[in-house]
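Student: Once you've had a glance at the structure underneath, I'll fire off some questions.
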Amino acid sequence: MSSVLHPVGPERRGVYWRRRLLAVLVLLAVVLLAVLGVRALTSERAAGEPAAQQIDPSQVASTLTAQPTGSPTGSPTGSPTATATTSAAVAPCEGAALSVLLTSDATTYGPGRTPKFALTVQNVSPVTCSVEVGSGMRTFVATDASGAQVWSSEDCQSSTSSQVYEVEPQSSRSMTTTWSRQRSAAGCPDGQEMVPDGTYTVTGTWNGVAAAPVTVSFSG
């Protein structure tokens, strides 16, 4: 211990003290550099790591509330009233909103040929409306030159079905029938005769509204 405080040697005491002071300074410099290096390394690690995210409980609750709810299979579920609200009923066509037209596929029919008639209901109004069409809504009647009824589509009609259709402006729906050129009577009795050759007037009505008649001729 005495040699540390009282250096002994051939040199003067001041030389030994300067050497010891230099050694202490070098040691302090090494320690300081080591401390600075550790601090720098710690700072770099801290800068590279993301800061811990603060979670707002209110945001979590909002996110959970916004999640959609569906069926267990993931299929979307619609509103039970959606179809009803998008398919509102269309008002029936009335009065001057309709035009009823009767046509035939020919005017003269030779041997074995049978006429086909079409009764067409057209919407002549500027708005869409509904029309009920079908065998239960139309009637075709044929009369001979004397005005006597010889055939009616109602006499042997096997079906009286009908259906309501939405008809846009200038659009139409047609109902057709074929006449076998055989007489008919109420109740559709068997054994009715064929009408003779000649000219016949055919009329057509839809829901009681008559169309202009057409004339057909049979020969052979």
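The values are calculated or read from the model by the stated rules, or taken from the named source; none is laboratory data. Computed from a predicted model, the values in this text were never measured in an experiment. Every residue, glycine as well, gets a Cβ built from its backbone with ideal geometry; the counts of neighbours run over all protein chains shown.
Student: Which of the residues belonging to segment 123-142 are under 20 Å from Val202 (Cα atoms) and free of Cβ contacts under 8 Å to residues at least 60 places away in the same chain? Spell out how you get there, then give the answer.
Tutor: Within segment 123-142, the subset under 20 Å from Val202 (Cα atoms) is 133-142.
Result: Gly134, Ser135, Gly136.
Residue-wise test of (1) more than 20 Å from Gly95 (Cβ to Cβ); (2) in contact with a Ser or Thr (Cβ under 9 Å, 6 or more places away or on another chain); (3) loosely packed, with under 14 Cβ neighbours inside 10 Å.
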{"position": "Arg173", "(1), (2), (3)": "no, yes, no"}
{"position": "Ser180", "(1), (2), (3)": "yes, yes, yes"}
{"position": "Gln192", "(1), (2), (3)": "yes, yes, no"}
{"position": "Val195", "(1), (2), (3)": "yes, no, no"}
{"position": "Tyr200", "(1), (2), (3)": "yes, yes, no"}
{"position": "Val214", "(1), (2), (3)": "yes, yes, no"}
{"position": "Phe218", "(1), (2), (3)": "yes, yes, no"}
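Student: Continuing with this model, one more query. Being over 21 Å from Gly208 (Cα atoms), without any contact (Cβ under 8 Å) to a residue 60 or more places away in the chain and either over 27 Å from the mean Cα position of the chain (by Cα) or surrounded by 14 or more Cβ atoms within 10 Å (Cβ to Cβ) (or both): is that true of Asp155 here?
Tutor: On the way: over 21 Å from Gly208 (Cα atoms): no; without any contact (Cβ under 8 Å) to a residue 60 or more places away in the chain: yes; either over 27 Å from the mean Cα position of the chain (by Cα) or surrounded by 14 or more Cβ atoms within 10 Å (Cβ to Cβ) (or both): yes.
Here the answer is no, as Asp155 does not meet what is asked.
Student: In this structure, is Thr177 β-branched (Val, Ile, Thr) and either more than 39 Å from the chain's Cα centre (by Cα) or within 12 Å of Ala142 (Cα to Cα) (or both)?
Tutor: Values: β-branched (Val, Ile, Thr): yes; either more than 39 Å from the chain's Cα centre (by Cα) or within 12 Å of Ala142 (Cα to Cα) (or both): no.
Judged against the criteria, Thr177 is not a match.
Student: Turning to a different aspect of this structure: Here is a list of conditions, (1) of a type in the set (S, T, N, Q); (2) more than 32 Å from the chain's Cα centre (by Cα); (3) closer than 20 Å to Ser162 by Cβ, and Gln122 meets all of them except one; can you say which number that is?
Tutor: Tallying (1) of a type in the set (S, T, N, Q); (2) more than 32 Å from the chain's Cα centre (by Cα); (3) closer than 20 Å to Ser162 by Cβ, Gln122 fails exactly one: (2).
Student: Name the one entry in Val141, Val90 that is among the β-branched types (Val, Ile, Thr) and more than 18 Å from Ala212 (Cα to Cα). If you could, list the steps in order and put the result at the bottom.
Tutor: Numbers: Val141 fails: more than 18 Å from Ala212 (Cα to Cα).
Matching residue, one of Val141, Val90: Val90.
Rundown of residues vs (1) over 25 Å from Ser219 (Cα atoms); (2) in a loop (DSSP other than H, G, I, E, B); (3) modelled with pLDDT under 95, yes/no style:
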{"position": "Ser159", "(1), (2), (3)": "yes, yes, yes"}
{"position": "Val164", "(1), (2), (3)": "yes, no, yes"}
{"position": "Gln170", "(1), (2), (3)": "yes, yes, no"}
{"position": "Asp190", "(1), (2), (3)": "no, yes, yes"}
{"position": "Thr201", "(1), (2), (3)": "no, no, no"}
